[in-house]
Structure formats: C-alpha cells, structure tokens
Amino acid sequence: MLVSPILSRFRGYYQRKAASLVFRRPFVISPTRPLISFTFDDFPRSALLAGGAILNRFGVAGNYYVSLGLLNKNEPSEKMFILDDLTMVLKQGHELGCHTFSHRHSWETDRRAFEESILQNRTALGKLVAGAQFRTFSYPICPPRPLTKAAIAKYFLCCRGGGQTLNVGPTDLNQLSAFFLEKSRHDIQAVKDLVDHNRRVRGWLILATHDVCETPTPFGCTPEFFEDIVQCAVNSGAQILPVASALEVLGAHASSATTQPKRLASRGGTPRAHTSGNFVDSDRHSKRAMFIGRLRAKSLRCTAD
Ligand SMILES: [Zn+2]
C-alpha cells in the first residue's frame, strides 16, 4: 500500500533532478536591479484579455508561451487564444514564447517527437504572424528528460521550467525556475514574500500562471489576485520585463545561441507597439495534462502533428 506513493514521490524527485544536473547553460544572474517577468502558458484568452490588460495598466509587458495547436480550442471552463490574440500580444509589446505545437509532455514525449513539435510550432508561427519568431521556451507540464533538454537548447535563448522559486546567482539558462501563482492563490502573502525576497537578493523572479478570470480553473487565478501581485511587483522596485528583454538586461543574450538570427526587444519596461522581441526583420499538473490532452486530441483530428 505504501510502495506506490513512495515510488511516485521518487519518480517525481528523479524527474525534477535528472535534467537539472546535466546539459546546463551556466549563467550567473546578478542584475543591478531586481527583475520580475510575468508569464502565461498555453495560453487561455483570459490571460491576454484580463491578465494582459492588467499588465498594460501598469505599463509593463509579459510572455505568452503558446502551443499553436491549441488555436481556437475551447472547453466550457476555458477558451484558448484566437488568431487575433497573437497579433494583439505583439502589438501590446508582450513576447510570444514557444510551448511546443501540441503541448507535448516534457517527460513522457519521445525526444524526436518533442523537437518536431517545437519546429512545427515555429513553422506555424511564421505562417500566422509574418516575420515573428520564438526566442524563449517553457516546458509543458513537467521538467524535461535530459536528452530532450540537450536537443532543444539550440533553438532558444533560454528555457523556463517550474520549481516554485526565483533565479539568482549561478543558474542554468536551459532550465530557469518559475513560480506558478495558482499554487499560492489561497496564500497571496507567500507570493508577496517571494517578491520581497527577490528585491533583497536582487534576483530574477519569473511568475507563471494560465487563465486569469473570476472563476479560474485550478491552474489560474482571479484578476484581483493577479493585479495585487503586479502592484506588489511594481512596488518592489523591480524591472518588469518579458523574458527575452530581461535576458538582454542581464547580458545573457550575448552568450546564448539560437538557430536563427535575432534581435532583442527594446530595453525598459514600457511596451511599445510592434517592438516585440519576436520580430527579426520588421518591427502540472496531471489534471491540466488531461485537459490539454482533450484539446490536443481534437486538434490532432484536424491537423497533422
Ligand atoms: Zn502548458
């Protein structure tokens, strides 16, 4: 009776640790001023319509890590982004990041299939938004297998995981840590304490969530909660930037390699129209996995994968 939970815990520990120890892209994070990034995964429409609107009111921008295979997919409790949302993300100065095309499970998916889904997402973005490119990545659902981590590093300036902590001192650009807001949505003080800790140690806190609405899924939060955290982040004196822009401030872009030429977004926290870092030539959940799996199953009936 006790074996299964113990094995399950060991498996989770192994998954968390395995990739973090190998195929690292070492980088020391020590900004002169603390950094905070707001990121949304998948992404549900409310992340832009409500979450993005809140960021706009504070004059800052965030990241939308998109699985383009989820375009137009809807569940009663959650509507995913539509085509116009992609251009709106960029117009508002946010960054579009890659989350694989079909929201592939980072551990369970074969390395080649995972890499193909990244390339498929890149191709799809190029068709949907002319000239746009993904420059950063977030791992869907859980940490990657070590060989998957090694295989995809060349495509991005950095890759973001989870871990419920901030980044400071020696870090790994191939697996940066993030703090998922929904895990503390009944304990907002824990998030505020982390923001304050980030201020004191001058680190880079990457916050993450999914939907932002009055009746959020277990993987999102309410607009009130989100706005309270954005206000707290602003009050902390941190620079609030999309991930690629934060990398530029940190000087990390010079040591990063991607498979395509790139230009970084403008400095500073004020979003400007059509200045997203996505352009080159022009200006965890088992329940969530099941939800995304249902969306993906529908998607696979319509699109080649
Ligand atoms: Zn996801």
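The values are calculated or read from the model by the stated rules, or taken from the named source; none is laboratory data. Please read these numbers as outputs of a predicted model, since none were measured by experiment. Glycine gets a Cβ as well: all are built from the backbone with ideal geometry, and neighbour counts include every protein chain shown.
Residue pairs whose Cβ atoms lie under 8 Å apart, separated by 6 or more positions or on different chains, with the first residue in segment 210-230 and away from the ligand (no atom under 16 Å from the Cβ) and the second of a type in the set (Ser, Thr, Tyr), are 213/46; 213/222; 214/222; 215/77; 226/209.
Taken over segment 155-170, the criterion of being surrounded by 22 or more Cβ atoms within 10 Å (Cβ to Cβ), assigned to a strand (DSSP E or B) and away from the ligand (no atom under 16 Å from the Cβ) is satisfied by 158, 167. The residue of segment 127-138 that is nearest to the ligand (Cβ to nearest atom), among those that are assigned to a loop (DSSP other than H, G, I, E, B) and buried (at least 17 other Cβ atoms within 10 Å of the Cβ), is 134. Using the structure shown, decide if residue 65 is hydroxyl-bearing (Ser, Thr, Tyr), out of contact with any helix residue (DSSP H, G or I) (no Cβ under 6 Å at 6 or more places or on another chain) and part of a strand (DSSP E or B). Yes; evaluated as a whole, the condition is true for this residue.
Residues in segment 140-152 that are surrounded by fewer than 22 Cβ atoms within 10 Å (Cβ to Cβ) and away from the ligand (no atom under 16 Å from the Cβ): 145, 146, 147, 150, 151. Among the conditions (1) away from the ligand (no atom under 15 Å from the Cβ); (2) touching a His at 6+ places or on another chain (Cβ under 9 Å); (3) over 15 Å from residue 209 (Cβ atoms), residue 89 misses just one, which is (2). The condition (being modelled with pLDDT of 95 or more and either assigned to a loop (DSSP other than H, G, I, E, B) or at positive phi (or both)) is satisfied by just one residue among 152, 141: 141. Inside segment 48-72, residues that are among the small types (Gly, Ala, Ser) and either within 11 Å of the ligand (Cβ to nearest atom) or under 17 Å from residue 100 (Cβ atoms) (or both) make up a count of 2.
A single entry from 109, 123, 100 fulfils the requirement of being under 14 Å from the mean Cα position of the chain (by Cα) and either at positive phi or β-branched (Val, Ile, Thr) (or both): 100. When segment 19-60 is filtered for residues that are charged (D, E, K, R) and surrounded by fewer than 24 Cβ atoms within 10 Å (Cβ to Cβ), the ones remaining, listed by number, are 24, 25, 33, 45, 57.
Of all the residues in segment 92-122, those that are surrounded by fewer than 22 Cβ atoms within 10 Å (Cβ to Cβ), away from the ligand (no atom under 16 Å from the Cβ) and in a loop (DSSP other than H, G, I, E, B) number 2.
Condition check: more than 22 Å from residue 117 (Cα to Cα) and in contact with a helix residue (DSSP H, G or I) (Cβ under 6 Å, 6 or more places away or on another chain). Does residue 50 satisfy that? So residue 50 passes the test. In the set (1) of a type in the set (S, T, N, Q); (2) surrounded by fewer than 24 Cβ atoms within 10 Å (Cβ to Cβ); (3) within 19 Å of residue 230 (Cα to Cα), the condition left unmet by residue 63 is number (2).
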